[in-house]
Amino acid sequence: MGRVMSVLNSTGKGHPPGAGRRDDPPRPGSLGERILQERYGTGERASQFYGNQLTGQLTPKMIEFIGRMEMAFVATSDMSGECDCTFRAGPAGFLRVLDERTIAYPEFRGNGVMASLGNLLENPHVGIIMIDFTHDLIGLHVNGEAEIITPATMQVLDRGLPEETTNAGRRPLRWVLVRVTEAYIHCSKHIPKLVPQSRVRHWGTDNPRHKGGDYFGLAAQEAAGREAEPVLAGAAEERSMCRSHQRPLELQAANGTGHRPDGEGGQVPWPRA
């Protein structure tokens, strides 16, 4: 493994040492690809793919394809190689083609984690796949180097950009500019055909129900785990007393009497209706 890593670091995507003539153009793909192509006997098929399907810039047909896509999957990794893959969507045209070597996609208001953008800050390499699930059943990979830019910068770069909407959830907070290094087809043989249906999209919402709630049960599992944890006798007694007084406090609040905690150890009257 140490030798392989050493070779990877020294050669990148070019030939491994001793392979081919010095004036040969670098073969596409990584050293790992070439090792496995040789091991599994797929070198000839790979060569045909590199020669016929791989390009360093977008073709007119690719540009048209990107312009009608309503979704994309974006893969990033941090400087340690820890990976993340995310989903981006919008109306057709939300993916912008600035020229045959440059595309951009918007970042709308989300959960605030910044997983993919954080990765790009550490490691600018990005992989994007767009798939037509409804008509041609074909996909397009675009790999490149990305940087985060402001909406104002994007307006300068893309004079044809539509005016910003008044809906805050659909207004890009920032853009990701991608300089294309590779573009290639994703074959159709395993792509399922989907039938699009209209739906209401709650852009930028914080409503848990509209965001999917606890669909995978993580919050419930965490809550169940906390309930199962052993507690000291005093803490259990205090919890029991709180629960026994919970309903009377709610009733007192309803008719405007009684007191509630003020958050600093004191009590303040409940507001009257």
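The values are calculated or read from the model by the stated rules, or taken from the named source; none is laboratory data. Treat the numbers as computed from the prediction; the structure is a model and nothing was measured. Cβ coordinates were reconstructed from backbone atoms using ideal geometry, including for glycine residues, and neighbour counts include every protein chain displayed.
Yes or no, residue by residue, for (1) closer than 26 Å to Gly160 by Cβ; (2) at pLDDT below 95; (3) in contact with a Gly (Cβ under 6 Å, 6 or more places away or on another chain); (4) surrounded by 14 or more Cβ atoms within 10 Å (Cβ to Cβ):
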residue	(1), (2), (3), (4)
Ser6	no, yes, no, no
His15	no, yes, no, yes
Arg21	no, yes, no, no
Ala75	no, no, yes, yes
Leu98	yes, no, no, yes
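Within the range 89-109, how many residues turn out to be within 12 Å of the chain's Cα centre (by Cα) and without any contact (Cβ under 8 Å) to a residue 60 or more places away in the chain?
Number satisfying all stated conditions: 1.
Counting only helices (runs of 4 or more DSSP H) that sit completely within the range 110-218, those holding 1 or more residues that are over 17 Å from the mean Cα position of the chain (by Cα) and over 19 Å from Gln57 (Cα atoms) correspond to 151-157, 208-211.
Evaluate the range 38-61: report whether one residue or more is outside any helix (DSSP H, G or I), at pLDDT 95 or above, surrounded by fewer than 11 Cβ atoms within 10 Å (Cβ to Cβ) and out of contact with any Cys (no Cβ under 8 Å at 6 or more places or on another chain).
Pass one, the range 38-61, residues outside any helix (DSSP H, G or I): 41-42, 54-59.
The next check asks that each one be at pLDDT 95 or above; those that pass are 41-42, 54-59.
With surrounded by fewer than 11 Cβ atoms within 10 Å (Cβ to Cβ) added as a condition, the list becomes 41.
Next, only the ones that are out of contact with any Cys (no Cβ under 8 Å at 6 or more places or on another chain) stay: 41.
There is at least one residue in the range 38-61 that is outside any helix (DSSP H, G or I), at pLDDT 95 or above, surrounded by fewer than 11 Cβ atoms within 10 Å (Cβ to Cβ) and out of contact with any Cys (no Cβ under 8 Å at 6 or more places or on another chain).
Residues that are at pLDDT below 95, of a type in the set (A, V, I, L, M, F, W, C) and farther than 19 Å from Ser77 by Cα within the range 100-121 comprise just one, Phe108.
Does the range 190-198 contain any residue that is touching a helix residue (DSSP H, G or I) at 6+ places or on another chain (Cβ under 7 Å) and either under 27 Å from Cys83 (Cβ atoms) or surrounded by 15 or more Cβ atoms within 10 Å (Cβ to Cβ) (or both)? No. Lys189 satisfies every condition listed in (1) modelled with pLDDT of 75 or more; (2) more than 28 Å from Phe133 (Cβ to Cβ) except (2).
Quick grid of which residues meet (1) touching a Ser or Thr at 6+ places or on another chain (Cβ under 7 Å); (2) modelled with pLDDT of 95 or more; (3) closer than 20 Å to Met71 by Cα; (4) charged (D, E, K, R):
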position: Asn123; (1), (2), (3), (4): yes, yes, no, no
position: Met130; (1), (2), (3), (4): no, yes, yes, no
position: Ile148; (1), (2), (3), (4): no, yes, yes, no
position: Leu157; (1), (2), (3), (4): no, yes, no, no
position: Arg170; (1), (2), (3), (4): no, no, yes, yes
position: Gly212; (1), (2), (3), (4): no, no, yes, no
position: Gly225; (1), (2), (3), (4): no, no, no, no
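Tell me the residue from Arg170, Arg201 that is assigned by TED's automatic domain parsing to the domain that holds Gly67, of a type in the set (D, E, K, R) and either touching a residue at least 24 places away in the same chain (Cβ under 8 Å) or closer than 30 Å to Met79 by Cα (or both), please. Break it down into steps so the answer makes sense when it comes.
Details: Arg201 fails: either touching a residue at least 24 places away in the same chain (Cβ under 8 Å) or closer than 30 Å to Met79 by Cα (or both).
Only one candidate passes the filter, namely Arg170.
Figure legend. Inter-residue proximity from the range 175-196: first residues within 20 Å of Val74 (Cα to Cα) and polar (S, T, N, Q), second residues at pLDDT 95 or above and part of a loop (DSSP other than H, G, I, E, B), beta-carbon distance below 9 Å, spacing 6+ or different chains. Indicated pairs: Thr181/Gly56; Thr181/Arg101; Ser188/Asp136; Ser188/Leu137.
Among the residues of the range 75-84, is there at least one that is in a loop (DSSP other than H, G, I, E, B) and either outside the structural domain of Ala146 (by TED's automatic domain parsing) or closer than 20 Å to Arg171 by Cβ (or both)? Explain how you work it out, then say what you get.
Taking the range 75-84 first, the residues in a loop (DSSP other than H, G, I, E, B) are 78-82.
From what is left, the residues that are either outside the structural domain of Ala146 (by TED's automatic domain parsing) or closer than 20 Å to Arg171 by Cβ (or both) are none.
Taking every residue of the range 75-84 in turn, none turns out to be in a loop (DSSP other than H, G, I, E, B) and either outside the structural domain of Ala146 (by TED's automatic domain parsing) or closer than 20 Å to Arg171 by Cβ (or both).
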